[in-house]
Amino acid sequence: MTQHPRITKAVIPAAGLGTRFLPATKATPKEMLPVVDKPAIQYVVEEAVSAGLDDVLMITGRNKRPLEDHFDRNYELESALQKKGDAGRLAKVQESSDLATMHYVRQGDPRGLGHAVLCAAPHVGHEPFAVLLGDDLIDPRDPLLARMVEVQEQRGGSVIALMEVSPEQIHLYGCAAVDPTEDGDVVKVHDLVEKPAATDAPSNYAIIGRYVLDPHIFDILRKTEPGRGGEIQLTDALQQLAADEKVGGPVHGVVFKGRRYDTGDRGDYLRAIVRLACEREDLGPDFRTWLRSYVAEEM
Ligand code: G1P
């Protein structure tokens, strides 16, 4: 039996400038870059919906209009496809507008991830909610968010997604010091540091971009001083929840061992496209044949 309110809201911060992908992101939001034939952001919204969260709030900024257009109807395109009798493509166009109830709020000043999450406070209210970062793509065959929601419903507080990484990589992530629990994939978080040097890292557990948060996080974020990089860090606010269980704690972690792609990094973005294309029923067979011969020629 769950004693907590059911989680229905997902928050997706999408105000970043996407500088790693310039010039592609000069006039196009990085979230709209295609992974095979779907914008990266659609995978993230689909993930939220398949975990039962169909109220989606995107935190956007200037130049992010295409995101709103993508999740809206496009009557001109739809009627052109209808006239042609192209039901397959029509369904693809309608898929993204039928997915979820979408809301948008703009983050005027880009003051960090913690500040972006704080922009969701009026919409979220006093319920636990999920945060999904667009740069992390979780393979739909390895559901993570649904498990996090389940753990939050059982244990209360907040739940973050963790993944073991090599010591050379930990400086790219928030890092959690943890204790085991009786559930093999769940750990108790007792300390958090944003992007530590390998020598200062309390563990090799990296935060990957999925969170289920207790709404007390908003009170803490309002008081959180800028941290690493001069930005208001979500990790710093979570550290406070982990340290003081009386105000919205505890914090648990779900240790993820499935497939994750970082579409915010150019190399990983290319790898994600190749892997997902190889596995697609429609494109995969031809693409794999070409890829095999390409690799053989190059070696
Ligand atoms: C953010 C968080 C970091 C987390 C990472 C996951 O960093 O601040 O704690 O590990 O996302 O992708 P960013 O990659 O936005 O700099």
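Throughout, read-outs are computed from the coordinates displayed, never taken from laboratory work. Predicted model only: the values in this text are computed from it and were never measured. All Cβ positions, glycine included, derive from the backbone under ideal geometry; neighbour counts span all protein chains shown.
Quick grid of which residues meet (1) in contact with a strand residue (DSSP E or B) (Cβ under 8 Å, 6 or more places away or on another chain); (2) within 13 Å of the ligand (Cβ to nearest atom); (3) basic (Lys, Arg); (4) farther than 24 Å from Thr181 by Cβ:
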{"position": "Pro196", "(1), (2), (3), (4)": "yes, yes, no, no"}
{"position": "Ala201", "(1), (2), (3), (4)": "yes, yes, no, no"}
{"position": "Asp214", "(1), (2), (3), (4)": "yes, no, no, no"}
{"position": "Arg222", "(1), (2), (3), (4)": "no, no, yes, yes"}
{"position": "Thr235", "(1), (2), (3), (4)": "yes, yes, no, no"}
{"position": "Val255", "(1), (2), (3), (4)": "yes, no, no, no"}
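When residues in segment 244-278 are screened for being under 28 Å from Gly16 (Cβ atoms) and outside any loop (DSSP other than H, G, I, E, B), 20 of them pass. All conditions in (1) of a type in the set (A, V, I, L, M); (2) under 27 Å from Lys246 (Cα atoms); (3) touching a His at 6+ places or on another chain (Cβ under 9 Å) hold for Leu145, with the sole exception of (3). The set of residues in segment 279-292 that are assigned to a loop (DSSP other than H, G, I, E, B) and under 25 Å from the mean Cα position of the chain (by Cα) contains only Arg280.
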